[in-house]
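**Q** This is the structure I want to talk about, given as structure tokens.
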Amino acid sequence: MPKFIFITGGVISSLGKGIASASIGKILESRGLKVTLMKLDPYINVDPGTMNPYQHGEVYVTEDGAETDLDLGHYERFTNSKITKFNNVTTGQVYNTVISKERRGDYLGKTIQVIPHITNEIKDRIKKVAKVSAAEVILVEVGGTVGDIESLPFLEAARQFRIDAGYNNTLYIHLTLVPYIKVAGEIKTKPTQHSVGTLREIGIQPDILICRTEKTLSDEVKEKISLFCNIRKEAVIEAKDVDSIYQLPLVFKNQILDEIILSHFSLICKFSDLKDWDKDVVQKALLPKEKVKIAFVGKYIQLQDAYKSVYEALIHAGIANDARVEIIKVDSEDIEKHTARKFLEGVSGVLVPGGFGSRGVEGKIKAIQFARENNIPFLGLCLGMQCAVIEFSRNACGLKKANSTEFNSKTPYPVISLLEEQKRVKDMGGTMRLGAYACAVKRKTKAGDLYKKDLIHERHRHRYEFNNKYKKLLEKKGLVFSGIYPKGNLVEIVELKNHPFFVAVQFHPEFKSKPDKAHPLFRGFIERALEKSILS
Ligand code: GLN
């Protein structure tokens, strides 16, 4: 029988429930357990793929092509669990299935209700993940904050799970905020008491409490929380703010959270001290030798979450190069209003991430031109590659009005355009080129040198493609096509020969980068940027 851990959140959102869940996954995995993590999201969208980044932040793409919540990115970065389309369940998916079953007549004349039909569907989806993953521990993060109307069916399903699976096979962890009130000079436990109280009204008594706090919790405060929330004192875990998110598994480990969980489950596991993680990830992240400035040219830069995986991949590349990557966020629309030089002078690398729609595109193109002409290391991701192709066509091949048909359907030189199959698409949800595709990498190119493999698999999320009609001309002018999707003959990687580092990819390498295993392209990019910063 697998073990199930439900992680809920209270008081406020943005407490870092995803990172806390991933960290618990990490400490359990380090004890030799096979873990997987899943997220239950209370919104009615079937998936976040159709949501604006302002609404949702990054859309994380899994290997099997699901568009999911960004917390699934944390799960994959912290643990070895293979996250699939089953690991993100939304209210929209649950109702979609139940309503389709009702229309088919599967319920044999019954009245369809939240309990048991919706809750059963939720439980079935959790059991499905347990089965597909064959994990020994399944961590189920419940989105939203306790007290929200939307998440009630998920919490009810979580409550029922203990009846179905048994006390010893289920565990409830509640993440809460213990604020420090400056003017009073005091730490306040009342919001936590209320939040646990609300959870109890729903029928869930948490077994473990994780307290987000800016100050250390005294024994007295822990005792108070323990008494009022009905939780053993050792199970009141402090989660003080950390400088690097990768410290969190160690913070939990130091409070023997892994032991508390294992003893609840009556599991005996091998010992682990997470020494490698501490040495290879945490210490490198906290105390790097070098520093490198990278300009990040995007249009959602005000939002912390919009490019989550790309920021993390840059941090990982910094760890691999013993350097702190200082990310200078540049709004591509600002470049349109001024010059690229104004914002990019003095940086050691330029990164242009993915994106949709024409807003800010011309600024990205100008940034790429500046990086190309001034020998600044450049990495382009998805739209970043498309912009690099447009820039090169316009400024190095004389195709002045070259563009993507996404931004100008009447361009005389559609160097980026839609494939026939995409032209036929009517529904916007889940119909892009999604998930992992093979890419044949040319040896003796930058990509070949970094990947050191002939065939790689990388994740995609886009509709538009490089237009092969222009391949010969661009090649003649010096663009190297170093990665091709063999089945469809689609361009995946372009680069320049006579440039310190100019690599752009149609896929999203950021989704496969890990703190202890930086992605080769990001690693190579930061390595070159570092060389440049040391030279200048
Ligand atoms: N908008 C572009 C496309 O759809 C690029 C997408 C992206 O960067 N993820 O092809």
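Read-outs: derived from the displayed coordinates by stated rules, not from any lab. None of the values given here were measured: they were computed from a predicted structure. Cβ coordinates were reconstructed from backbone atoms using ideal geometry, including for glycine residues, and neighbour counts include every protein chain displayed.
**Q** Going from the alpha-carbon gyration tensor of the stretch 1-87, what semi-axes, largest first and in whole Å, does one get by taking the root of 5 times each eigenvalue? Could the numbers behind the result be given before it?
**A** Working: eigenvalues 100, 50, 26 Å².
For the stretch 1-87, the ellipsoid semi-axes come out as 22, 16, 11 Å.
**Q** While we're here: HN-Hα J couplings of the stretch 461-467 from phi, Karplus 6.51/-1.76/1.60, θ = phi - 60°, integer Hz, Gly and Pro as x?
**A** Once θ is set to phi - 60°, the couplings for the stretch 461-467 become 7, 6, 10, 8, 9, 5, 8 Hz.
**Q** Please go through the stretch 262-353 and write out the GluC sites (Glu not before Pro) that DSSP classes as loop and that have at most 12 other C-beta atoms within 10 Å. Mind dumping the intermediate values first?
**A** Values: sites: GLU290, GLU312, GLU326, GLU333, GLU336, GLU345; in loops: GLU345.
Within the stretch 262-353, the qualifying GluC sites (Glu not before Pro) (loop, at most 12 other Cβ atoms within 10 Å) are GLU345.
**Q** List the residues whose amide H sits under 5 Å from the amide H of GLY349, counting only those 5 or more places along or on another chain, with H placed 1.01 Å from N in the peptide plane.
**A** ALA295
**Q** Compute the angle between helix 190-202 and the longest alpha-carbon principal axis of the chain, please, reported from 0 to 90 degrees and rounded to the nearest 10.
**A** Once rounded, one gets 80 degrees.
**Q** If you fit an axis through the alpha-carbon atoms of helix 383-396 and take the longest principal axis of the Cα set of the chain, what angle between them do you get, 0 to 90°, nearest 10?
**A** So the inclination is approximately 10 degrees.
**Q** Sticking with this one: Are there trypsin sites (Lys or Arg not before Pro) in the stretch 228-322 that DSSP puts in a loop and that have at most 15 other Cβ atoms within 10 Å, and which ones? Show your work: numbers first, answer last.
**A** Values: sites: ARG232, LYS233, LYS240, LYS253, LYS270, LYS275, LYS279, LYS284, LYS289, LYS291, LYS293, LYS299, LYS308; in loops: ARG232, LYS270, LYS289, LYS299.
Filter output for the stretch 228-322: ARG232, LYS270, LYS289.
**Q** Would you calculate the separation in nanometres between label points at LEU227 and GLN304, each defined as 7 Å from the Cα along the Cα-to-beta-carbon direction?
**A** With each label point 7 Å from Cα toward Cβ, the separation is 3.4 nm.
**Q** By how many degrees, between 0 and 90 and to the nearest 10, does the Cα long axis of helix 219-229 differ from the longest principal axis of the chain?
**A** Orientation of helix 219-229: about 70 degrees from the principal axis.
**Q** Using only alpha carbon pairs under 8 Å that are at least six residues apart, calculate the relative contact order of the stretch 254-385 and give it in whole percent. The partial results should precede the final answer.
**A** Details: 178 pairs, mean separation 32.6, N = 132.
So the answer I get is 25 percent.
**Q** Explain nothing, just compute: Karplus ³J(HN,Hα) = 6.51 cos²θ - 1.76 cosθ + 1.60, θ = phi - 60°, for every residue of the stretch 327-337 in order, whole Hz, x for Gly and Pro.
**A** 8, 9, 7, 10, 6, 4, 5, 5, 5, 4, 7
**Q** Could I ask something else about it? Per DSSP H run of n ≥ 4, the term is -39500 (n - 2.57); total these for the chain, divide by its residue number, and report the mean residue ellipticity at 222 nm rounded to 500 deg cm²/dmol. Before the final figure, lay out each step's value.
**A** Numbers: 20 runs with 194 residues, N = 536.
Value at 222 nm, helices only, nearest 500: -10500 deg cm²/dmol.
**Q** Can you list residues from other chains, or at least 5 along the same chain, whose modelled amide H is less than 5 Å from the amide H of LYS3?
**A** Amide H neighbours of LYS3, under 5 Å, 5+ apart: VAL137, ILE138.
**Q** Next question. Over the chain, what relative contact order in percent results from Cα pairs under 8 Å that are six or more residues apart? The partial results should precede the final answer.
**A** Values: 1088 pairs, mean separation 79.7, N = 536.
The normalised contact order for the chain reaches 15 percent.
**Q** Related question: Return the tail of the calculated pair distribution for the stretch 174-263, meaning the percent of Cα-Cα pairs more than 16 Å apart.
**A** Numbers: 2121 of 4005 pairs.
Above the 16 Å cut-off, the stretch 174-263 has 53 percent of its Cα pairs.
**Q** Right, next: Which value, to two decimals, describes the C-alpha radius of gyration of the chain once divided by 2.2 N^0.38 Å? Present the calculation step by step, with values, prior to reporting the outcome.
**A** Numbers: Rg = 24.7 Å, N = 536, 2.2 N^0.38 = 24.0 Å.
Dividing the Cα radius of gyration by 2.2 N^0.38 Å gives 1.03.
**Q** Residue by residue through the stretch 312-325, what is 3J(HN,Hα) from phi via Karplus (6.51 cos²θ - 1.76 cosθ + 1.60, θ = phi - 60°)? Round to whole Hz and write x for glycine and proline.
**A** Coupling constants for the stretch 312-325: 5, 4, 5, 4, 4, 5, x, 4, 5, 9, 6, 9, 8, 8 Hz.
**Q** Something else about it: Taking amide H atoms as placed 1.01 Å from N in the peptide plane, list the residues 5 or more away in sequence, or in a different chain, whose amide H sits under 5 Å from that of LYS291.
**A** Hits under the 5 Å cutoff: ARG324.
**Q** Just for the stretch 319-459, what percent of DSSP beta bridges are antiparallel, to the closest 5?
**A** On the way: 5 of 10 bridges.
Within the stretch 319-459, antiparallel bridges account for around 50 percent of the total.
**Q** Of all trypsin sites (Lys or Arg not before Pro) in the stretch 101-183, which ones are in loop regions per DSSP and have a Cβ with at most 12 other Cβ atoms within 10 Å?
**A** Values: sites: LYS101, ARG103, ARG104, LYS110, LYS123, ARG125, LYS127, LYS128, LYS131, ARG159, ARG162, LYS182; in loops: LYS110, LYS182.
Within the stretch 101-183, the qualifying trypsin sites (Lys or Arg not before Pro) (loop, at most 12 other Cβ atoms within 10 Å) are LYS110, LYS182.
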